[in-house]
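Everything below concerns the one structure shown next.
All of the numbers you see were taken from the coordinates with simple rules; none came from a lab. Computed from a predicted structure; not experimentally measured. Cβ placement follows ideal geometry from the backbone for every residue including glycine, while neighbour counts extend to all protein chains displayed.
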Amino acid sequence: MRFEITTGDPNKIKIDLLVLWLFEGVKTQNQLINSVIDEEKFIAKSGEILLVHTHGKLPAKKILVVGLGKKQDFSLESVRKATGKVVNCANKINTKTIIAPLIADVDAKECAQAMAEGAILASYKFEKYKTKDIKHETLNIEKFTIIEKNAEKIKSARYGLTLGEIMAHATCYARDLVNEPPAALTPKIFANHAKELVVEAPDYTISVETFDKTQLAKMGAGAILAIAQGSVEEPYLIHLRYAPVTNPKFENLNPKRIALVGKGVTFDSGGLSLKPDHHMYDMKFDMAGGAAVMGVFSVLGRLKPDMEIHGIIPAVENLPSGTSIKPGDVVKSLSGKTIEIVNTDAEGRVILADALEYAKRQKPDAIIDLATLTGAVMVALGERIAGLMSNNENLLNKIRAAADSAGERVWPLPLVDGYEDEIKSDVADVTNTHKTRYGGVILGGLFLKEFVDPQTPWVHLDIAGPVYNAKPWAPYHPKGATGFGVRTILNYILNQ
Ligand code: BES
Ligand code: ZN
Ligand code: ZN
């Protein structure tokens, strides 16, 4: 699908499909359409669509009237959803070209960005392992043209379109990694994908260092090694670094430095604390935090932010075997703190302990971690909302705002004093599980907090719910991986 932005009157252009956005209670300027709308009792509720064949009475062959709901409920998320719906419908009726105007009274840049995001994210399919019966629906739409009468708006719309394409492609890149079967995305393959992101450009560099088992042992990353020891797949700590090339004359010589940390369990069987099969089935997505970090890095060269960004992914496979870590074992993490393993299925926090210590050593101004850490976050917030925890209210608010404008839902949970006893161990500094059944999301966050410098603003996103859809739930949220987190982090980076 190619995008184009042009100026002109959409009603005068010959095209397969013209989109007509409509708020509830508003009439169009076209009598023919108005009469069909009345006949069909079309109310323009959000998500409602009506396909009208014009039979030569108008230059467009078909008009797709798309409901945007009530004006007072409108947000950019309505644009993403509505454009996703347009694309899904166009694919069904085998349309090659679409024209859609910018929505009146919506900021041109933001509208074009949301339209591009909705269209690309809704077209996403993961079909590389199908050998027959592939419909290739996604290839049907060749051109999506955004049109605007007012030529003055075209420039900012064009900028929004580019941004939307970048955001959506980064998200699809993360989706692809998550959707890969676990055998096709082992820690080693994950590390190799990171190496593909390396770039040396005149104005920025992306470099990567990967630490294998021997190097991790030398470093003292006992927590990552402990979780990986049951698998024949060796662990890797992936460290990506984006840095702008600073010009001593003009540029900020001390750019802000942030660290993004992503849980990278390429398959979580639970280890010796084995998961039941129905809980194990989707556990290839347990590296979705790491995939989100990779998604961000995949487009940094196009966005060129003026800050240093570290991407840190501990990549392991959590399997039971004769060499697995056992409940009762004590491991020494990179920070020197010891962890008693009580349940081998609470592996994410253990590998993140080392990753957060490694992040600390990069001396960042802020740390953001993304992890499919607990099932408890889904009990608390359901499948569509991520838990947001932090030691710094300012950073928490920034991430919350970034998520809101991406249409990714997050909700704050408190990292309160008073629950620490739950993660105290009789034999080590901390235990990786808690005795209570309650408050598992917060206790996961409190465990991670033990490995973060209290002076460094840090945010923990427990993304276990929204990273993977057992069933599609909105036009641009298909089944499988969602790429959750990528657009939130990119917004945060762009807003600095
Ligand atoms: N990867 C899981 C968390 C998870 C569960 C994500 C379900 C998505 C859906 C994590 O490693 C895990 O198993 N956590 C345990 C922790 C418990 C043993 C303290 C959990 O949530 O049950
Ligand atoms: Zn687990
Ligand atoms: Zn896990």
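When each of the peptides 85-93, 278-286, 163-171 is scored by the mean number of other C-beta atoms lying within 10 Å of its residues, the order from highest to lowest reads 163-171, 85-93, 278-286. The value obtained for the stretch 293-396, namely the Cα convex hull volume divided by the number of residues, is 156 Å³ per residue.
Could you tell me the relative contact order of the stretch 154-242? Use alpha-carbon pairs under 8 Å, at least six residues apart, and round to a whole percent. Relative contact order here is 29 percent. Near LEU58: Cβ cut-off under 13 Å, other residues only, Lys/Arg at +1 and Asp/Glu at -1. The net charge is +3.
If I fit a long axis through the Cα atoms of helix 187-196 and take the longest principal axis of the Cα atoms of the chain, what angle between them do I get, 0 to 90°, rounded to 10? Approximately 50 degrees, to the nearest 10.
Sorting 304-317, 406-419 by their mean Cβ neighbour count within 10 Å, with the most densely packed peptide first, gives 304-317, 406-419. For the stretch 319-363, what is the per residue volume of the convex hull drawn over the alpha-carbon atoms, in cubic angstrom? So the per-residue Cα hull volume is 71 Å³. Summing Lys and Arg as +1 and Asp and Glu as -1 over all other residues whose Cβ lies under 12 Å from the Cβ of GLY160 gives a net charge of -1. DSSP finds beta bridges in the chain, and of those with both partners inside it, around 40 percent are antiparallel. Across the stretch 201-243, the convex hull enclosing all Cα atoms gives 76 Å³ per residue.
Counted over the stretch 194-350, the DSSP beta bridges are approximately 65% antiparallel. Using a cutoff of 8 angstrom between alpha carbon atoms and counting only pairs six or more residues apart, the relative contact order for the chain works out to 15 percent. Which of the three applies to the stretch 57-138, rounded, prolate or oblate, going by the alpha-carbon gyration tensor with a ≥ b ≥ c and a/c under 1.5 meaning rounded? Verdict is oblate for the stretch 57-138. Each part gets one Cα centre, and for the stretch 176-192 versus the stretch 56-74 those centres are 42 Å apart. Sort the stretch 114-270 into rounded, prolate or oblate with this rule: let a ≥ b ≥ c be the square roots of the eigenvalues of the Cα gyration tensor; rounded if a/c is under 1.5, and if a/c is not under 1.5, prolate when a/b is larger than b/c, oblate otherwise. Since a/c reaches 1.5 but b/c is at least a/b, the shape of the stretch 114-270 is classed as oblate. Think of it as helices only: each DSSP H run of n ≥ 4 in the chain is worth -39500 (n - 2.57), and spread over all residues that comes to -10000 deg cm²/dmol at 222 nm. Seen against the Cα atoms of the chain and their longest principal axis, helix 440-449 is set at about 60 degrees. Per-residue Cβ neighbour counts within 10 Å put LEU51, LEU446, LEU272 in the sequence LEU51, LEU272, LEU446, beginning with the fewest. If one computes P(r) from the Cα atoms of the stretch 1-88, what percent of pairs lie at distances over 23 Å? Tail of the P(r) past 23 Å holds 23 percent of the pairs. Kirkwood hydrodynamic radius computed over the chain comes to 23.9 Å, based on all pairs of distinct alpha carbons.
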